[in-house]
Amino acid sequence: MDVRPAPAACLDLIHEFEQGPGGGFAPIHYLDPAGRLTIGWGHRIKMPVEQSLLYIAIGQDRADELADEDLDDACGAVCRQLAGDVVAGLSDGQYAALVDLVYNIGEGNFSGSTVHRLVAGGQLDLVPAEIERWTFSNGRYLPGLERRRAADALVVERHQQHRSEHGNREQEERARRRSGSCVGECS
């Protein structure tokens with residue numbers, strides 16, 4: 001399966017919204033607002049494989065490496081969950097917002113979401129409002145998620161406006177013809 005790489009906007013979103021308790025990257029582990037062990041730029045520590053991260057401080061280079069690995073995982077998840085022509089038809093901003101959403105909520109939550117259904121069905125105009133609904137973690141409203149989802153939605157809206165101004169009718173028509181759930185490989 002080919003995986004579309006993460007646009008630069010993804011790392012910008014992560015640097016803005018995955019800051020540690022002191023701002024910036026977190027050199028030591030902490031509990032995120034959902035109560036999960038986290039380090040760096042919002043990297044969830046996978047136990048027991050990454051248990052050593054509980055006992056060390058990391059530098060920015062290692063935090064960036066972990067973020068890049070997590071971004072690669074999120075890109076792979078988006079590509080697994082959407083058909084290749086759907087992923088290829090997304091603007092960098094639309095793709096960045098979806099990757100950021102998956103980075104934050106996980107592949108399982110994305111796969112069953114209305115966001116997924118709308119993107120797969122080519123209803124990209126409805127995606128920003130649906131993204132903005134993802135403001136809860138473990139049943140608890142988090143203001144930080146509201147700000148993050150607003151940023152994701154803005155990235156999508158900006159790129160939709162840019163595309164419509166530049167007449168991307170062929171891709172819009174292809175998306176309209178697509179129906180049902182589009183799950184497949186990105187190629």
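The values are calculated or read from the model by the stated rules, or taken from the named source; none is laboratory data. This one's a predicted model, so the numbers in the text were calculated from it and none came from an experiment. Note that each Cβ is placed from the backbone with ideal geometry, even for glycine, and that neighbours are counted across all protein chains shown.
Among the residues of the stretch 44-59, none qualifies, meaning not one is within 17 Å of the chain's Cα centre (by Cα), surrounded by 15 or more Cβ atoms within 10 Å (Cβ to Cβ), in contact (Cβ under 8 Å) with a residue 60 or more places away in the chain and over 21 Å from Val119 (Cβ atoms). Testing Pro21 on (1) in contact (Cβ under 8 Å) with a residue 12 or more places away in the chain; (2) closer than 22 Å to Arg140 by Cα; (3) not in a helix (DSSP H, G or I), one condition comes back false. Which one is that? Going through (1) in contact (Cβ under 8 Å) with a residue 12 or more places away in the chain; (2) closer than 22 Å to Arg140 by Cα; (3) not in a helix (DSSP H, G or I) one by one, Pro21 breaks only (1). Going by what's in this entry, would Leu13 be described as crowded, with 18+ Cβ neighbours inside 10 Å, over 21 Å from the mean Cα position of the chain (by Cα) and of a type outside the set (Ser, Thr, Tyr)? Answer is no for this residue.
Screening the candidates Asp72, Asp92, Asp2 for the property of being surrounded by fewer than 14 Cβ atoms within 10 Å (Cβ to Cβ) and either in contact (Cβ under 8 Å) with a residue 24 or more places away in the chain or of a type in the set (Lys, Arg) (or both) yields one hit, Asp2.
Quick one: which of Leu37, Leu31 is surrounded by fewer than 13 Cβ atoms within 10 Å (Cβ to Cβ), at pLDDT 95 or above, under 22 Å from Asn138 (Cα atoms) and aliphatic (A, V, I, L, M)? That would be Leu31, the only listed residue that is surrounded by fewer than 13 Cβ atoms within 10 Å (Cβ to Cβ), at pLDDT 95 or above, under 22 Å from Asn138 (Cα atoms) and aliphatic (A, V, I, L, M). Report every pair of residues separated by at least 6 positions or lying on different chains whose Cβ atoms are under 6 Å apart, first residue within the stretch 111-138 and exposed (fewer than 15 other Cβ atoms within 10 Å of the Cβ), second modelled with pLDDT under 95. So the pair list comes out as Asn138/Ala34. Look at (1) modelled with pLDDT of 95 or more; (2) surrounded by 14 or more Cβ atoms within 10 Å (Cβ to Cβ) and you find that Arg147 fails only one, number (2). No other residue among Asp73, Asp61 is of a type in the set (D, E, K, R), closer than 27 Å to Gly139 by Cα and either part of a helix (DSSP H, G or I) or touching an Asp or Glu at 6+ places or on another chain (Cβ under 6 Å) (or both) apart from Asp73.
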